[in-house]
Amino acid sequence: MEKIIINTPGFRSEILVGERWEALSGLLPEKGVVIITDDNVNQLYGSRFPKLPVLSLSPGEGSKKLEVIEYLAEQLLKAGIDRSGFILAIGGGVVCDIAGFLAAVYMRGIRCGYISSTLLSQVDASTGGKNGVNLGGTKNILGTIRQPEFVICDPEMLQTLPEQEYLSGLAELIKTAVIGDKELFEHIESSFDEIMARKSDLLTLLVAKSVRFKGLVVTEDEKEKGLRRILNFGHTFGHAVELQKAVKHGFAVASGIELATEFSFEKRYISLEEKERIISLLDRFNLIDRLDISNDQMAKLVRHDKKKTGTDIHFVFTQGIGKAISEKVPVDDVLGFYKRFRDKK
Ligand code: GLY
């Protein structure tokens, strides 16, 4: 087991990678704990949950809305949860986003911790404190940044993930490797069979590397004023693809990584060889979807992105495997690139 600490002003968050999910002793208060999960996780693991009240949500992105926060807050009030209460989220990115947001706003903030059950949430979504819900067609537009007290990342939970959910998480793992850890990238390149076989020791190692990198970034820039923006690599186009095509987050991000890599190559930030290495790694895991979003549709979607300020957007480029930079570029330049990319196809 590896313990990674994310230290932010006045807060310490412990990420326990390789820990068994049931190992909760000492992490929870004696009273006032409520579990938030979803129906899939509840069905698989509910019989082994600690004997605590459980609020179970419909699985999927559709639950990330304010009505659900309101409903859950009412249930907490009914259960007599006060300011000393504690929310234990057991699930993937959606559950952690909802539970973290609820914990941040319920009675102006109560304690929370996560058991992170998907690869996507272990390598990215559940660490770093971002939480929130969607509003209409815009993702994560209402939310806060507030660290959970702990996150348990148990590789055994990844064994029960449906194939597509597992692969979706690999895209975020590859993202981290491209922006910050060349060794991680090479490790993924050389471990295709073991990754597909979900070897627990290897997954612990890869998740720990990813969390370690993210932890350094978040420790330096929790509120995303600068460095943290690089974690959005692939997400400008990725969010657009996700909204338009309703594919799983990681697959949308993989398409976004392909586009951001091509854009980086066009700007001569990376060599042809590096570009091909990144795209062929995504391809090997079958992550890149066929892009059939028109230029006009893409323009509408990108203009809604919350990384946009006025007519510019913070766009993340790779500067070689293991290095990234966020630059403020005109939205028109991003859309111009997209048009050129589509014309070439
Ligand atoms: N998922 C990007 C971040 O946590 O900043």
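Rule-based calculations on the coordinates, nothing more; no lab input. Given the structure is predicted, the values throughout are model-derived calculations rather than measurements. Every residue, glycine among them, receives a Cβ derived from its backbone with ideal geometry; neighbour counts consider all protein chains shown.
Within segment 110-121, the residues that satisfy the criterion of being of a type in the set (Ser, Thr, Tyr) and within 15 Å of the ligand (Cβ to nearest atom) are Tyr114, Ser116, Thr118, Ser121. In segment 208-225, the condition of being buried (at least 20 other Cβ atoms within 10 Å of the Cβ), among the β-branched types (Val, Ile, Thr) and more than 12 Å from the ligand (Cβ to nearest atom) is met by no residue.
The single condition from (1) among the aliphatic types (A, V, I, L, M); (2) crowded, with 18+ Cβ neighbours inside 10 Å; (3) more than 10 Å from the ligand (Cβ to nearest atom) that Ala197 fails is (2). Of all residues in segment 146-176, exactly one satisfies the criterion of being surrounded by fewer than 21 Cβ atoms within 10 Å (Cβ to Cβ) and within 16 Å of the ligand (Cβ to nearest atom), namely Arg146. Here Val133 does not qualify as within 16 Å of the ligand (Cβ to nearest atom) and either of a type in the set (Lys, Arg) or surrounded by 24 or more Cβ atoms within 10 Å (Cβ to Cβ) (or both). Candidates in segment 294-306 are the residues that are surrounded by fewer than 19 Cβ atoms within 10 Å (Cβ to Cβ) and touching a residue at least 40 places away in the same chain (Cβ under 8 Å); of these, the one that is nearest to Asn232 (Cα to Cα) is Lys306.
Residues of segment 161-191 that are within 17 Å of Arg229 (Cα to Cα), touching a residue at least 60 places away in the same chain (Cβ under 8 Å) and in a helix (DSSP H, G or I): Glu172, Ile174, Lys175, Ala177, Val178, Ile179, Gly180. All of (1) over 17 Å from Phe233 (Cα atoms); (2) surrounded by 14 or more Cβ atoms within 10 Å (Cβ to Cβ); (3) touching a residue at least 60 places away in the same chain (Cβ under 8 Å); (4) of a type outside the set (S, T, N, Q) hold for Arg342 with one exception: (3).
Here's the yes/no breakdown for (1) in contact with a Cys (Cβ under 7 Å, 6 or more places away or on another chain); (2) touching a residue at least 40 places away in the same chain (Cβ under 8 Å); (3) of a type in the set (Gly, Ala, Ser); (4) away from the ligand (no atom under 15 Å from the Cβ):
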| residue | (1), (2), (3), (4) |
| --- | --- |
| Val95 | no, yes, no, yes |
| Arg108 | no, no, no, yes |
| Val123 | no, yes, no, no |
| Thr127 | no, yes, no, no |
| Thr138 | no, yes, no, yes |
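Looking across segment 260-319, the residues that are aromatic (Phe, Trp, Tyr) and touching a strand residue (DSSP E or B) at 6+ places or on another chain (Cβ under 8 Å) come down to Phe263, Tyr269, Phe315, Phe317. Of all the listed residues (Leu88, Leu77, Leu44, Leu72), the sole one being surrounded by 18 or more Cβ atoms within 10 Å (Cβ to Cβ), not in a strand (DSSP E or B) and not β-branched (Val, Ile, Thr) is Leu72.
Within segment 213-244, being in contact with a helix residue (DSSP H, G or I) (Cβ under 9 Å, 6 or more places away or on another chain) and in a loop (DSSP other than H, G, I, E, B) holds for Asp221, Glu222, Glu224, Gly226, Phe233, Gly234.
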